[in-house]
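Comments concern the structure below.
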Amino acid sequence: MPPGTPGGTVSAAGLSRRWALGFLTPAMLLIGVFLAFPAVWTLYLGLTNFRLLGPQALHTKFIGAGNYQQALTGGDFLHSLYITVIYVLLSAVIGQCVLGFALAWVFRSWRGPLRRVLESLIIVAWIVPGSVVAFLWLAYLQGNIGPLTETGTLNTILGGIGVNWWLQWPMLSIVVFNIWRGTAFSMLLFGAAIQAIPPSYIETARVAGASSWQLLRDIVIPRSRGHILTNLLLISLWTFNDFTPYLLTGGGPGNQTQFLPVYIYQQAFDQGALGYGAAISTLVLLINLVIALAYMQILKERR
């Protein structure tokens with residue numbers, strides 16, 4: 001009998017599909033267990049009053065959109081959303097993007113060991129684990145950890161002034177910390193974009209008498225627009241979901257650095273309101289999707 005007919009052998013296409021299904025099944029199971037199921041479970045918890053302790057832990061009730069209504073009408077969630085947006089704009093959109101582009105532009109034609117040393121230091125600040133960086137910055141701005149003096153390293157450099165930076169300037173401290181830590185990614189991405197510009201374009205512009213600002217405005221930035229939008233998308237999402245500030249300030253003082261990831265953690269685990277925390281997580285996911293779709297639409301229009 002010919003292959004593929006009843007009673008005959010399996011066709012080559014059918015055998016290939018079976019092999020493909022056999023290879024894909026373990027991956028699909030892992031995705032289902034570690035991604036799909038937690039996502040569905042989070043959506044379900046957001047519609048309940050489930051708590052870690054108390055009667056609701058044993059007798060969970062379905063409350064529908066109650067958690068979402070509480071979040072959108074209460075002041076705590078809206079306050080956390082507001083300061084999170086400010087944090088993203090200052091540290092990621094303005095700080096990391098602008099500084100990363102400036103460093104890439106300065107390093108484009110700079111040769112020598114000093115450049116390699118500076119680039120290595122910037123990249124090290126990016127790849128060091130967040131817990132280690134948080135400890136170093138606590139010592140730098142506060143300095144009451146272990147054998148370090150209570151005046152703090154920065155205060156000592158400035159002449160022994162007694163400023164508690166984490167207490168008096170918490171938002172500024174977090175913004176500077178995030179710019180210092182995350183600028184390396186923008187620098188590397190923009191460096192690759194600038195190197196991809198044909199040198200003849202830049203040389204022709206210089207021969208024509210273009211200034212550095214005109215060169216940036218008319219050649220470099222237009223040809224790097226896709227990289228700029230991609231960079232803004234990634235660093236905005238990373239900063240929006242960054243939990244590292246909790247290691248530095250714990251959300252304080254007075255909820256001044258209670259960004260959304262910190263707020264979710266405190267509500268879900270410190271307060272035990274897992275249902276409410278799951279609802280806020282869903283709202284954060286929707287906000288991330290809106291940001292991503294907005295950037296993708298802008299990128300599509302630019303193309």
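Values in this text are rule-based calculations from the coordinates and carry no lab data. Not measured: the values here are computed from a predicted model. Note: ideal-geometry Cβ built from the backbone for every residue, glycine included; neighbour counts use all protein chains shown.
What's the exposure ranking of Met296, Met171, Met187, going from fewest to most Cβ atoms within 10 Å?
Fewest to most other Cβ atoms nearby, the residues stand as Met296, Met171, Met187.
Quick check: residue separation of Ile221 and Tyr265 times 0.36 nm, minus the Cα distance between them. What number comes out in nm?
11.9 nm
Once both labels are modelled 7 Å past Cα along the beta-carbon direction, what's the Ala57-Trp19 spacing in nm?
Between Ala57 and Trp19, the label points sit 5.3 nm apart.
Measuring from the lowest to the highest alpha carbon on each principal axis, how far does the chain reach, largest first, in angstroms?
Extents along the principal axes, in whole Å: 80, 63, 39.
Got a sec to turn the phi values of segment 65-79 into Karplus ³J(HN,Hα) couplings, 6.51 cos²θ - 1.76 cosθ + 1.60 with θ = phi - 60°, whole Hz, x for Gly and Pro?
8, x, 5, 5, 5, 4, 5, 7, 9, x, x, 5, 5, 5, 5
Report, by chain and number, residues whose modeled amide H sits under 5 Å from the one on Thr48, excluding near sequence neighbours (fewer than 5 apart, same chain).
Ile63
Quick check on the chain: helices-only [θ] at 222 nm, where DSSP H runs of length 4 and up contribute -39,500 (n - 2.57) each and the sum goes over total residues. Nearest 500, please.
For the chain, the value works out to -20000 deg cm²/dmol.
Mind running the shape call on segment 78-119? Use the C-alpha gyration tensor, a ≥ b ≥ c as the square roots of the eigenvalues: rounded below 1.5 for a/c, prolate if a/b tops b/c, oblate otherwise.
prolate
As a test of the definition: which semi-axes, in Å, follow for segment 180-291 when you take the square root of five times each eigenvalue of its alpha carbon gyration tensor? Largest first, please.
Each semi-axis is √(5λ); the values are 43, 14, 10 Å.
Across segment 86-99, in residue order, what do the Karplus-derived ³J(HN,Hα) couplings come to in whole Hz, using 6.51 cos²θ - 1.76 cosθ + 1.60 with θ = phi - 60° and x for Gly and Pro?
After applying 6.51 cos²θ - 1.76 cosθ + 1.60, I find 4, 4, 5, 5, 6, 8, 9, 5, 8, x, 5, 5, 5, 5 Hz.
Modelling each spin label as a point 7 Å along the Cα-to-Cβ direction, I'd like the Leu299/Trp41 distance in nm, to one decimal.
3.2 nm
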